[in-house]
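The values are calculated or read from the model by the stated rules, or taken from the named source; none is laboratory data. Here the structure is a predicted model, which is why all the values come from computation and not from measurement. Here Cβ is always computed from backbone atoms with ideal geometry, including for glycine, and neighbour counts include all displayed protein chains.
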Amino acid sequence: MPIPFSRLELAVQKAVDETPIFDMHTHLYPPAFDGLLLWGIDELLTYHYLIAEVIRATSIPAEDFWQMDKAQQADFIWNELFIKRAPVSEACRGVITVMRNVGLDPSDRDLKAAREFYKTQTVDEFIELVFTKANVHSAVMTNDPFDKSEVKFWETIGNNHPRLHAALRIDPMLLWWDVASETIEEQGYEVDHALNEKTFCAARKFLEDWAAKMKPRYMAVSLPPTFTYPADDVTTQILDSVVLPFAREAGLPFALMIGVKRSVNPNLKLAGDGVGRADLSCLEQLCQRNPENKFFATLLSRENQHELCILARKFSNLMPFGCWWFMNNPSVIEEITRERIETLGWSFIPQHSDARVLDQLLYKWPHSRRIIAQVLVDKYQDMVDAGWRVMESEIYRDVNRLFSQNFEEFAPNWT
């Protein structure tokens, strides 16, 4: 039956809250990858967003901050950003939301209870707690075959965690070929210094073998705003001769995350990256020249978002996803979600958590669900005003499409 006008908002919010999510991009790891999965209050407080915020707020020399151990850094951030100032930024608000969602009272203004709580948790128990409370049924990791600290786990135990899926990350192959080729050679593949057929075949075999190990949902790369395609450079040669042919044959989408300016302030380490506006003719040409490839795309610059929507209207092999990194602020998420739904209907993926700390699922998704629900209420109301009767079952259908189905159909499970 059609939903009465008075119940529309409640029905939409209920569907958004109850629909499980497939989080398509995180930096999480299975517990068996000892030391790589980050969780707990100290990791949450030393997230790089908060590091940049506290160094700006206090003008502490970066080298002094880095001399502290993890717990000292967390205490410093808590004192400066939560006690001496109201924790108004989205990153600070996120910590408060996490604390509340695990049963802590952040208004105690003391980390003692939080630290005691985490001492009572095992990592396996906490993963289930987080995924259940966040209503996330599965998540995709970021997995790097060029990272020795991760490679050793793939070579020995692999990933069998039921909630975590792999993504094959290949930044060095496209951005730092000299370094990547050395790693490929060290792993037993015969490559020449020259970019020739022998080298291309070895690089393809490298990807094939790693895909067989990881069983990824997609391949991925993070690119600077200066990325161009096609171009007379190594990146285009590797794309055209290695990455895109392999992705086509394997049926793997290729995710491009474009717009990061690395180390604009190297003193801040991971917190020191910046943002730049990209020329999206690169995406246009990739989609046009490679119609049998599927591309995910997310962009770091707000100024690029409308153009991405228009490109996605023209190319069905392009799937916009998420509000990445500096885009993950409520006002921007709302703007981008409205822009996408008004332009693309239901054919996009509204959000991913990009969580580097497991606990962040407990704030990034609740915050995003609230914003997405607000947008959907307005859009369903627009349909009602235009004369369309909205059914509750259709709302659940539509929300499931945004939260899981679009990703699962675009990036089916490895076979």
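Just a few scattered comments:
- Neighbours by Cβ (under 8 Å, 6+ apart or cross-chain): first from segment 245-256, within 13 Å of PRO291 (Cα to Cα) and crowded, with 22+ Cβ neighbours inside 10 Å; second modelled with pLDDT of 95 or more and among the β-branched types (Val, Ile, Thr): PHE254/VAL221; PHE254/VAL243
- Matching residues in segment 375-399 - criterion: being touching a residue at least 40 places away in the same chain (Cβ under 8 Å) and either buried (at least 19 other Cβ atoms within 10 Å of the Cβ) or assigned to a loop (DSSP other than H, G, I, E, B) (or both): VAL375, LEU376, TYR380, ARG389, VAL390, ILE395, ASP398, VAL399
- ILE77 falls short of the stated requirement of being at pLDDT 95 or above, not basic (Lys, Arg) and not in a helix (DSSP H, G or I).
- LEU28 in contact (Cβ under 8 Å) with a residue 60 or more places away in the chain, within 30 Å of GLY158 (Cα to Cα) and of a type in the set (A, V, I, L, M): yes
- Test: ALA297 is aliphatic (A, V, I, L, M), touching a strand residue (DSSP E or B) at 6+ places or on another chain (Cβ under 6 Å) and more than 19 Å from SER222 (Cβ to Cβ): no
- Candidates LEU44, LEU8, LEU36 - the one that is under 30 Å from LYS119 (Cβ atoms) and assigned to a helix (DSSP H, G or I): LEU44
- Of all residues in segment 168-197 being under 28 Å from ASP354 (Cβ atoms) and out of contact with any helix residue (DSSP H, G or I) (no Cβ under 8 Å at 6 or more places or on another chain), the one that is surrounded by the fewest Cβ atoms within 10 Å (Cβ to Cβ): TRP176
- Near pairs, Cβ below 9 angstrom, 6+ apart or cross-chain, from segment 106-123 (free of Cβ contacts under 8 Å to residues at least 60 places away in the same chain) to any residue that is surrounded by 12 or more Cβ atoms within 10 Å (Cβ to Cβ) and of a type in the set (Lys, Arg): PRO106/ARG100
- Checking the stated criteria, ILE336 turns out to be touching a helix residue (DSSP H, G or I) at 6+ places or on another chain (Cβ under 8 Å), closer than 30 Å to ALA52 by Cα and in a helix (DSSP H, G or I).
- Residue within segment 18-32 that is more than 19 Å from the chain's Cα centre (by Cα), acidic (Asp, Glu) and surrounded by fewer than 15 Cβ atoms within 10 Å (Cβ to Cβ) present: yes
- Qualifying residue in segment 288-298 (condition: over 21 Å from the mean Cα position of the chain (by Cα) and either in a helix (DSSP H, G or I) or within 15 Å of LEU344 (Cβ to Cβ) (or both)): yes
- Any pair with Cβ under 7 angstrom, 6 or more apart, that starts in segment 137-165 at a residue that is under 21 Å from ILE21 (Cα atoms) and ends at one that is assigned to a loop (DSSP other than H, G, I, E, B) and charged (D, E, K, R): SER138/ARG163; ALA139/ARG163
- Restricting attention to segment 89-101, the residues that are more than 16 Å from ILE55 (Cα to Cα) and either hydroxyl-bearing (Ser, Thr, Tyr) or within 23 Å of the chain's Cα centre (by Cα) (or both) total 9.
- Residue tally, condition aromatic (Phe, Trp, Tyr) and over 14 Å from the mean Cα position of the chain (by Cα), over segment 315-354: 3
- The set of residues from segment 257-286 being aliphatic (A, V, I, L, M), in a strand (DSSP E or B) and out of contact with any helix residue (DSSP H, G or I) (no Cβ under 7 Å at 6 or more places or on another chain) comprises MET257, ILE258, VAL260.
- Residues in segment 326-355 that are within 25 Å of VAL102 (Cα to Cα) and surrounded by fewer than 18 Cβ atoms within 10 Å (Cβ to Cβ): ASN329, PRO330.
- Just one residue in the set PHE76, PHE22 is closer than 24 Å to LEU402 by Cβ and either out of contact with any helix residue (DSSP H, G or I) (no Cβ under 9 Å at 6 or more places or on another chain) or of a type in the set (A, V, I, L, M, F, W, C) (or both); that residue is PHE22.
- Set side by side, the residues ALA52, ALA86 differ, and just one is in contact (Cβ under 8 Å) with a residue 40 or more places away in the chain, over 30 Å from ARG163 (Cα atoms) and either part of a loop (DSSP other than H, G, I, E, B) or under 20 Å from the mean Cα position of the chain (by Cα) (or both), which is ALA52.
- Scanning segment 93-133 for residues that are part of a loop (DSSP other than H, G, I, E, B) and acidic (Asp, Glu) yields ASP105, ASP110.
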